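Participant: Let me give you the structure first, and then I'll get to my questions.
The values are calculated or read from the model by the stated rules, or taken from the named source; none is laboratory data. What you see is a predicted model, and the numbers here were worked out from it, not measured in a lab. Neighbour counts run over all protein chains shown; Cβ positions are idealised from the backbone, glycine included. Note: areas computed on protein heavy atoms with side chains; ligands, DNA, RNA excluded. Shrake-Rupley method; radii C 1.70, N 1.55, O 1.52, S 1.80 Å.
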Amino acid sequence: MSQSINIIAIVSSNGAIGRGGDQPFHIKEDFKRFRDLTMGHPIIMGRKTFEALPGGALPGRRNIVVTSQSDWHREGVETAPSIEGAVVLAFESDDEAFVIGGGEIYMQAMEIADRMYLTEVDAMVDDADTFFPAFDLTEWEQTATGDYSIDPRSGAPYRFLTFTRRR
């Protein structure tokens, strides 16, 4: 089986993925999709994203944190100094890895990713401070498009999209 680097994110209409150290939307079905796709696979994230997780390392997944702080350590977490180093670690145990954020890590992963699983939220986040990187649609094929659903908490329409890199 070939190796696959996947990006998974929830993104607003204006590209927002974060504000104040948290994601702007907490959609139950998005969390379920995230869990279903990532369970059993390594997940790669930046230090700030890890520190925003309410319960520390996510269970059932190998947690790899990209950080330049060589003295930074947390229980249940491996560290790498770069996205490339994190991918090497991930592929030691699995042929599929998921990049889960944040903005800087997504930007670094964009050049090497094979697939993107996005939850597109049809809403603007005016006070966002972290954004998903723009990507060139000539490099990506939209291979799955879900129907819009309404988030009962925020009232925002959302849908699941999958993009595969054109080879």
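Participant: Quick check: anything in the range 136-159 on the phi > 0 side of the Ramachandran plot, open to solvent by less than 80 Å² (accessible area, probe 1.4 Å), within 14 Å of the chain's Cα centre (by Cα) and of a type in the set (Gly, Ala, Ser)?
Facilitator: No; the residues of the range 136-159 include none that is on the phi > 0 side of the Ramachandran plot, open to solvent by less than 80 Å² (accessible area, probe 1.4 Å), within 14 Å of the chain's Cα centre (by Cα) and of a type in the set (Gly, Ala, Ser).
Participant: Among strands (runs of 3 or more DSSP E) lying entirely in the range 1-81, which contain 1 or more residues that are touching a residue at least 60 places away in the same chain (Cβ under 8 Å) and in contact with a Leu (Cβ under 6 Å, 6 or more places away or on another chain)?
Facilitator: Once the strands (runs of 3 or more DSSP E) in the range 1-81 are filtered for at least 1 residues that are touching a residue at least 60 places away in the same chain (Cβ under 8 Å) and in contact with a Leu (Cβ under 6 Å, 6 or more places away or on another chain), what remains is 4-12.
Participant: With respect to Glu120, determine if the residue is within 15 Å of Ile17 (Cα to Cα) and at pLDDT 95 or above.
Facilitator: It is true that Glu120 is within 15 Å of Ile17 (Cα to Cα) and at pLDDT 95 or above.
Participant: Could I ask something else about it? Select from the range 84-119 the residues that are among the β-branched types (Val, Ile, Thr) and within 14 Å of Thr49 (Cα to Cα) and write down the one among them that is surrounded by the fewest Cβ atoms within 10 Å (Cβ to Cβ).
Facilitator: Only one residue tops the list, namely Ile105.
Participant: With the requirement that a residue be more than 14 Å from the chain's Cα centre (by Cα) and open to solvent by less than 60 Å² (accessible area, probe 1.4 Å), what does the range 27-57 give you?
Facilitator: Within the range 27-57, Ile27, Gly40, Gly56, Ala57 meet the criteria.
Participant: Starting from the range 150-164, take each residue that is part of a loop (DSSP other than H, G, I, E, B) and list its partners that are among the aromatic types (Phe, Trp, Tyr) and surrounded by 16 or more Cβ atoms within 10 Å (Cβ to Cβ), counting only C-beta distances under 7 angstrom and pairs at least six apart or across chains.
Facilitator: Asp151/Phe25; Asp151/Tyr158; Ser154/Phe25; Ala156/Phe25
Participant: Ala9 - would you say it is over 13 Å from Val99 (Cβ atoms) and either among the aliphatic types (A, V, I, L, M) or in contact with an Asp or Glu (Cβ under 6 Å, 6 or more places away or on another chain) (or both)?
Facilitator: no
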